[in-house]
1. Pull out the extension gain between A:Asn108 and A:Thr126, defined as 0.36 nm times the separation in residues minus the alpha carbon to alpha carbon distance; nm, one decimal.
2. May I ask which residue of A:Leu26, A:Ile136, B:Phe76 lies farthest towards the positive end of the charge dipole of the protein assembly as shown, with charges of +1 (Lys, Arg) and -1 (Asp, Glu) on Cβ and the Cα centre as origin?
3. Can you pull out the trypsin sites (Lys or Arg not before Pro) in the range B:109-164 whose DSSP state is coil and whose Cβ has at most 14 other Cβ atoms within 10 Å?
4. At a Cα cut-off below 21 Å, give the lysines reachable from A:Lys44, other chains included and same-chain residues fewer than 8 away excluded.
5. Among A:Lys142/B:Lys37; A:Lys7/B:Lys62; A:Lys107/B:Lys206; A:Lys206/B:Lys121; A:Lys37/B:Lys78; A:Lys62/B:Lys7, which pairs are too far apart, with a Cα-Cα distance over 31 Å?
6. Which order, highest average first, do A:33-42, A:96-105 follow once you tally other Cβ atoms within 10 Å for each residue and take the mean per peptide?
7. When the convex hull of the C-alpha atoms of the range A:126-169 is computed, what volume per residue in Å³ does it have?
8. Going 7 Å from the Cα of A:Asp138 toward and past its Cβ, which residues in the range A:77-96 have a backbone nitrogen under 18 Å from where you end up?
Protein chains: 2
Amino acid sequence: MDTEPTKIPQATAKRLPLYYRFINNLHSQGKLRVSSKELSEAVKVDSATIRRDFSYFGALGKKGYGYNVEYLLSFFRKTLDQDETTEVALIGVGNLGTAFLNYNFTKNNNTRIQVAFDADKRRVGTEVGGVKVEHIDDFENKIENIKVAILTVPSNAAQGMAERLIEAGVTAILNFTPARITVPPHVRVHHIDLAVELQALVYFLKHYPLEDGEEEE
Amino acid sequence: MDTEPTKIPQATAKRLPLYYRFINNLHSQGKLRVSSKELSEAVKVDSATIRRDFSYFGALGKKGYGYNVEYLLSFFRKTLDQDETTEVALIGVGNLGTAFLNYNFTKNNNTRIQVAFDADKRRVGTEVGGVKVEHIDDFENKIENIKVAILTVPSNAAQGMAERLIEAGVTAILNFTPARITVPPHVRVHHIDLAVELQALVYFLKHYPLEDGEEEE
DNA sequence: CTTACTATGTGAAACATTTAACGACTTCTC
DNA sequence: GAGAAGTCGTTAAATGTTTCACATAGTAAG
């Protein structure tokens, strides 16, 4: 009973949540069918890429018709495990951390921030976005079943915190600090580096002028 | 006098700011030389990839020696236009926007948030992270020379704001809203979608177990 | 039923990126 | 100064991703 088909390319996997969200929108708008072309315009991914992506999961659509929204939705729900919620811990309740806490992922998502931690005693005990803030030194006791952490601490604390998280059983970290943390091979880290993103955008702006007609991810 | 060599691959261009920051660190630590191997360990990019990346700009290193930090730094400073500051506008001073304003990009960066805008009158007139907050309806007058905007507004406002920004002359947008905005071909948009990033991480966690020895970007 | 239309799923080509491997040159050590 | 060790720059191979283009099968309508 493995839901896994053959391995999906990573590039495809990264687009799945995006597809899911949009299909979800369509569904709540009461739309019954959708073509790869419509989807393409909405999510800004080439329609052939969408068809290819979907095809890794088998034939989800009907020729001459498109995709049935209801079916697509229930398919992705299963595939993305939307039914079981993944509990997440957030480390560092600064501005960025607060932004996450207020984001309310659970709405369209299978992820929920269960608990947040901060080193600043003034923040401990408060509640942000419905999530309790605990002191960072207590966390070893409070994240026993948590495998995913969002790291929004100052960058000099990043490596140390990562090690403590891993020690406590975390195996996936979304790292928003500029520090590139070093982790054992069984731990997955995704870096999102705001300064780098902004600089890269500026670099593209200056060195890769868009000609009319050239489009963009 | 074109600083442009032949076109650099996009994947390389996205790594340049990362390299720059790290080389900058080395320099302020007083380090004189660095090898692609050391750099690789620090930024978590394969050393062959680093050598390849650097080689697009010509021969920056010396065989048997490595790279001279001073030289590398001054080279990247030029290449990434670190000398001229790019002015940026920030739209939407919520938690995420505030996080950006407090980030202080100028420190290691050639980008500076010059002005921020918000629709909430209570925020207008305040200063966040040293940046004045203006009312959003005034912005057409105040961003005449600004080409880059960070969009951290609620997602239902994203498309409309994007259009106003473009109308006012913006040609690059860093979009943090979940909305995939539609823009004319001469405008560059980079999407950073926090919920998608988190979901993708969870998907990888569940479906792509890391074997020992497998490493990760 | 037949014809016109539509849109999928995919083979094959094109394109992009990463990685391995190694020759050439430098530095280091004795 | 000679040999060992180190490290770049690059050629070539491998891998990954996107896109084209079209046969095929379904829909829609008279």
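All of the numbers you see were taken from the coordinates with simple rules; none came from a lab. Because the structure is a prediction, the values reported are computed rather than measured. Heads up, the Cβs are rebuilt from the backbone with ideal geometry, glycines too, and the neighbour counts pull from every protein chain shown.
1. On the way: separation 18, 0.36 × 18 = 6.48 nm, distance 2.54 nm.
Computed gain between A:Asn108 and A:Thr126 is 3.9 nm.
2. So the residue furthest toward the plus end is B:Phe76.
3. Details: sites: B:Arg112, B:Lys121, B:Arg122, B:Arg123, B:Lys132, B:Lys142, B:Lys147, B:Arg164; in loops: B:Lys121, B:Arg122, B:Arg123, B:Lys147.
Within the range B:109-164, the qualifying trypsin sites (Lys or Arg not before Pro) (loop, at most 14 other Cβ atoms within 10 Å) are B:Lys121, B:Arg122.
4. Within the straight-line limit of under 21 Å, A:Lys44 reaches these lysines: A:Lys14, A:Lys31, B:Lys14.
5. Values: A:Lys142/B:Lys37 39 Å; A:Lys7/B:Lys62 42 Å; A:Lys107/B:Lys206 21 Å; A:Lys206/B:Lys121 35 Å; A:Lys37/B:Lys78 43 Å; A:Lys62/B:Lys7 42 Å.
Distance filter (> 31 Å) returns A:Lys142/B:Lys37; A:Lys7/B:Lys62; A:Lys206/B:Lys121; A:Lys37/B:Lys78; A:Lys62/B:Lys7.
6. Values: A:33-42: 16.6, A:96-105: 21.3.
By packing density, highest mean first, the sequence is A:96-105, A:33-42.
7. Numbers: hull volume 3.9 nm³, N = 44.
Normalising the Cα hull of the range A:126-169 by residue number yields 90 Å³.
8. A:88-94
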